[in-house]
Structures are given as C-alpha cells and as structure tokens.
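Here's the structure, in structure tokens; my notes come after.
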C-alpha cells in the first residue's frame, strides 16, 4: 500500500526544497533518514511531482533548477489565504451565530407578545361590556361571586393548553407525550425557582447539589408563590368591588389605573430595572390620559351624581368622608395590583434567556395554579357574605347565566394573555397596555349606544395610546442594548 505524500490533497506536491517541508511543520520525505519512495530498494530511487499547470508533465527531483516563481508562490498564497479566511470565519461564527439567535428569539418573543396583546384587549373589552350589562341591566350584582367565578375559571388554562399541544403532536404516544410535557414543566419551574437558565442543562450542573440536585421538586416553591401572588391579586380586586359603592366612577377609574406607576416603582427594587427617563415619561403620560378621561368635560360631577343615584339609597348621597375612604381603599388596591404584576414577574416567570414558547407554556400553567387556589381557598367568604346579608348568593338563570358564562370565558382569555404578556415583556409595558382598554371600551360603547365620544375621552385616549407607543419603543431600545451587550460579552469570552 502506498503512503500518502506530503500534501493536503490527492495531488502530489510540487518539487520544493527541504526547508519548505520544515516550514510546513512536517519532516521532509527527501531527507537522508527516510526513503523518498515506497518502492523496493532495488528500484531506482527517484521522486517526481505533478506540474500544477500541466498534469501530464513531470519534473525530476534531480533537476537543480527550481520551479518558476509564478507557480510556487501562487500555490502557497492560495493555501495561506484559504487557511486565513477559514480561521477568521471560525473565530467570528460563534459570535455571529449567537447574535443571530438572539435576534430571532427576540423577534419571536415580541411576535407572541403582540398576538397576546390583541387577544387581551379584545377579550377584556368584551368582558367589561358584558359584566356591566349583567350587573346594571340584568340586576345580578354579585361582585365577589363574579370575582370568584372569573378568577376560578383560570384553572382551565392549562387543560386547554395541553389540548392544543396534544393536537400538534398526535403522532406521539400519549405516555411519551405526557412524560415529556411534565418533564418540560418541571424543568421550567426549576429555572423559575433558581433564576438560572442552566439549572436543567444536565450533567455537572445538576450534580452540584442544593437546588440543582437531580430529583429536587420545585412544586413546594410554586405552591408558596401561588398563594402569595393570588392573595395580592384577590385583595386588589376586592378593593375595587368595595370602593365601587363608596366613591365616584371617575375616582375609581383614575386611582385604580395608577397601578402602572406602582408597577414601575416596584420593578426597580424587585426586578433590578434601571430608572429610565423615557419610561418614566411614558408612564406619566398614561396616567395623565386616564385623569383626562375620568375628569374631563365635567365627568367628575356627572359621575358623582350618577353614583349617588344608583349606588346609594334613595335620598342619600356620597358624603365626602365616605368618598375619601373609598378613594383610600381603591388606592390600596392600585398599589397591590402593581405589586401583584411585579411579584408574578419576579417569582413566577422564567428569567431572560428562556425560550419564548416555554414562557407561554409556563404562564398558562401558573395561571391554572392561581385558578385552582381561588377555587379551593377563596370560596370561604361566599357563605360569610351570604349569612351576614352583605351579598346574598343567587344562582344565575336564563340570559344572565349565558352572558355570565361568556363573560367568565372572556376573562379567562384576558388573564391568560395578560400573564403571557407580562412574562414575555415587562409589568410596566403590560400595565400601560391594559390602559388601552379604557379607550377601546369607550369606542365600543359609542358604536353600541350611538353616544359620541367627548373631547376629553378622545384626547385622554390618544394620550394613553401615545404612552403605550413610547413605552414600546423604549422597551425595544432596551432589548437591542441588551442584545449588543451580550454580543460584546460573547466576543470577549471568545478572545479569552
């Protein structure tokens, strides 16, 4: 069998001096210590190479004249150029691949966020209109019972999600699909608990003990997080229902929707979010828009007269002391709602770096946990309210039951979409996005009742839309800055 020649391909090398072999880092086959030919020793010992321009011609190794300069330098320069280009491509490709993957992941994340934003706005608008019709027109004014039913309906988020995922993988056996789904949820929950995206990487990371130890169950952590976050949300919702009969609708709307400011305030210490002037300006513009909608065109006085005629007993009016107490209650609710959004982001959402699809899956799963906690625990006030006569329990029937069912389904869609929106973006952006429903409800009411929007409602709504656009642009800029920072970090690690 012939040995390969001192070449990088099947072609023999050009006739070069021995120092060329040394430059290549290999011993020369023409040195005195080795035979120059694999033929038996009784054969003539000659070394031949193929001429690069004419494969049929041969040049003897005994020839003393070197090869023409226009052949050898060309061959070596091509080889060196290719090697240099390959080295540069290899050195740049990891960084470029990481940057491309980051851009694609960010694009997928915000595509999902845009879709769920539209779903949340439409579903909340429908739910608000139906709830108002059920309470005021049909007379089924059971505030806490409606809260219990709407929040309890979140328990169906995970089964519906499981059904959708199963429909996409019908070729898999059910046992394999179920085990994979549970393993995925457990892995995401472990990442949520440890705030480390490498917690489920396997291998050495999982064998280091502690929280990353194989077999650790994240469900006790999720149980505590579910209890705390659901309690904050429920108390915030109850404050709205308590204050609705104590203050004016304008005060109720203006104060409760200031939760966007408190979400930003809590995001700084809990989420380590930087204080940015553009975000603060966007939140301020959104709150001003809410105030214009609530109090513009004398809406405050009209709302006060409507509140005294509809909420209070005949002949009674909402006195300043009761109105002040109601405003304090709804203020506490606004703070708690902003805190709920930040707590959910901090303790129940995967950190940055997790795949967007997994973030969607876990958001709906945690929403189901919140719905289960509501059904199992928060039914206790229902008999108490019934016994004391504060809210008599009545089973809805007929049209009321049907519209209540649709309202509950719409709230489930809104809540699941809102949880996904917070998980994929931020509590501040999600909170300001929810303010868009004020403008949308006013527009829908205009089409349904024929009452045109007032100048204040139109101007305030446009301010809210402008604030949302500003905040979206700020979030996008922040995302790009983070992407460039990661790319620089990757380049630095690669150089090291």
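The numbers here are math on the coordinates, done by the rules we state, and not lab data. Only a predicted model underlies this, so the values are computations on that prediction, with no experimental measurement involved. So basically every Cβ, Gly included, is an ideal-geometry build from the backbone, and we count neighbours across all protein chains shown.
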Among helices (runs of 4 or more DSSP H) lying entirely in segment 368-465, which contain 3 or more residues that are surrounded by fewer than 17 Cβ atoms within 10 Å (Cβ to Cβ)?
381-387, 398-424, 436-449
Select, from 377, 395, 408, 444, the only residue that is in contact with a helix residue (DSSP H, G or I) (Cβ under 9 Å, 6 or more places away or on another chain) and over 15 Å from residue 148 (Cβ atoms).
444
Among what's in segment 185-195 and is more than 18 Å from residue 356 (Cβ to Cβ) and out of contact with any helix residue (DSSP H, G or I) (no Cβ under 6 Å at 6 or more places or on another chain), pick the residue that is surrounded by the most Cβ atoms within 10 Å (Cβ to Cβ).
190
Matching helices (runs of 4 or more DSSP H) fully within segment 213-274 where at least 2 residues are within 24 Å of the chain's Cα centre (by Cα) and in contact (Cβ under 8 Å) with a residue 40 or more places away in the chain
219-243, 259-270
Hey, among 332, 342, 409, 360, which residue is within 19 Å of residue 127 (Cα to Cα) and in contact (Cβ under 8 Å) with a residue 60 or more places away in the chain?
409
